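The values are calculated or read from the model by the stated rules, or taken from the named source; none is laboratory data. Here the structure is a predicted model, which means the values were calculated and not measured. A quick note on method: Cβ atoms are made from the backbone with ideal geometry, for glycine too, and the neighbour counts reach across all protein chains shown. In case anyone asks, the SASA skips ligands and DNA or RNA and just uses the protein heavy atoms, side chains included. Shrake-Rupley method; radii C 1.70, N 1.55, O 1.52, S 1.80 Å.
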Amino acid sequence: TEAVRAFTVGRIPEMPAICESSRVYVPTGNFIAGGERALDERPLRITHLKKATWIARTPVTHEHWTEYMKDTTVKRVDANYLPHWGPDYRMPPDHGQLPIYGIWPEDADNYAAWRGARLPSAHEWEKAVRGIDGRYWPWGDHWHPGAAVTAEFGVTKPLPAQAFGAQGRTRLYGAVGNVFEYTQSQWKNRENRGRVVMGGAYSHPFQTSRASLRLSHK
């Protein structure tokens, strides 16, 4: 129940996490997933992560994306792809450390493959951000104003990916707020409904940054 979930936050042993400079190890095992605050949350339950994984600590930045575009021959003809870069696809000034946005799921897949990696599943992402005690945000169960970039900030674009420092047990940067993060999971296991995105964004209220909330994007 929600009451039991709330009681566990900070009261059970923390998830062991091995942090490196650019990535963190998320172990196999059980964790509390889902919630009961919105229809877009999966049912509150205990979920088992069958396979351990490594997850990048920092969202992909515009600077990273520039390196990717220079190293590949993929040419996109799509007005909705990186619309803020302009028709010549030039990174705007002062955007280097901002997380990338304005891309499609297949673009994220291609970038990850170029890096010799893949996108995390929604379960992997959720465990990395929430730990095992089911907390709604990396730091705990209560919203901290000013801890992440959401609509309450009143900005018109994301802030630098590491603007608020590392948070949570796994010491992730910008896991909630700023920009939605793609996963490899299909929305409710239906390909025609798009990909699961998580973490909220600068354009959405803080409630959508709860790590239990799963939205979809095509």
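Select from region 55-92 the residues that are among the hydrophobic types (A, V, I, L, M, F, W, C) and in a helix (DSSP H, G or I) and write down the one among them that is most open to solvent (accessible area, probe 1.4 Å).
Here the residue is 69.
Tally up the residues in region 1-17 that are without any contact (Cβ under 8 Å) to a residue 40 or more places away in the chain, more than 23 Å from the chain's Cα centre (by Cα) and surrounded by 11 or more Cβ atoms within 10 Å (Cβ to Cβ), please.
1
Restricting attention to region 1-17, which residues are basic (Lys, Arg) and part of a loop (DSSP other than H, G, I, E, B)?
11
One line per residue, one yes/no per condition, for (1) closer than 21 Å to residue 67 by Cα; (2) open to solvent by 20 Å² or more (accessible area, probe 1.4 Å); (3) hydroxyl-bearing (Ser, Thr, Tyr):
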residue	(1), (2), (3)
99	yes, no, no
104	yes, yes, no
124	no, no, no
146	no, yes, no
153	no, yes, no
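Do you know which residues across region 18-49 are assigned to a loop (DSSP other than H, G, I, E, B) and either free of Cβ contacts under 8 Å to residues at least 60 places away in the same chain or crowded, with 17+ Cβ neighbours inside 10 Å (or both)?
Answer for region 18-49, where residues must be assigned to a loop (DSSP other than H, G, I, E, B) and either free of Cβ contacts under 8 Å to residues at least 60 places away in the same chain or crowded, with 17+ Cβ neighbours inside 10 Å (or both): 20, 21, 22, 27, 28, 34, 35, 36, 39, 42, 43, 44.
The conditions are (1) within 20 Å of the chain's Cα centre (by Cα); (2) modelled with pLDDT under 95; (3) loosely packed, with under 15 Cβ neighbours inside 10 Å, and residue 52 fails exactly one of them. Which is it?
(2)
To keep it simple, each residue is scored yes or no on (1) within 24 Å of residue 102 (Cβ to Cβ); (2) out of contact with any Ser or Thr (no Cβ under 6 Å at 6 or more places or on another chain); (3) of a type in the set (Asp, Glu).
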residue	(1), (2), (3)
147	no, yes, no
158	yes, yes, no
163	yes, yes, no
166	no, yes, no
171	no, yes, no
177	yes, no, no
181	yes, yes, yes
195	yes, yes, no
200	yes, no, no
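If a residue must be under 13 Å from the mean Cα position of the chain (by Cα) and hydroxyl-bearing (Ser, Thr, Tyr), how many such residues does region 112-150 contain?
Total meeting the criteria: 1.
With the requirement that a residue be open to solvent by less than 20 Å² (accessible area, probe 1.4 Å), at pLDDT 90 or above and not in a loop (DSSP other than H, G, I, E, B), what does region 164-218 give you?
Answer for region 164-218, where residues must be open to solvent by less than 20 Å² (accessible area, probe 1.4 Å), at pLDDT 90 or above and not in a loop (DSSP other than H, G, I, E, B): 172, 183, 196, 197, 198, 209, 213.
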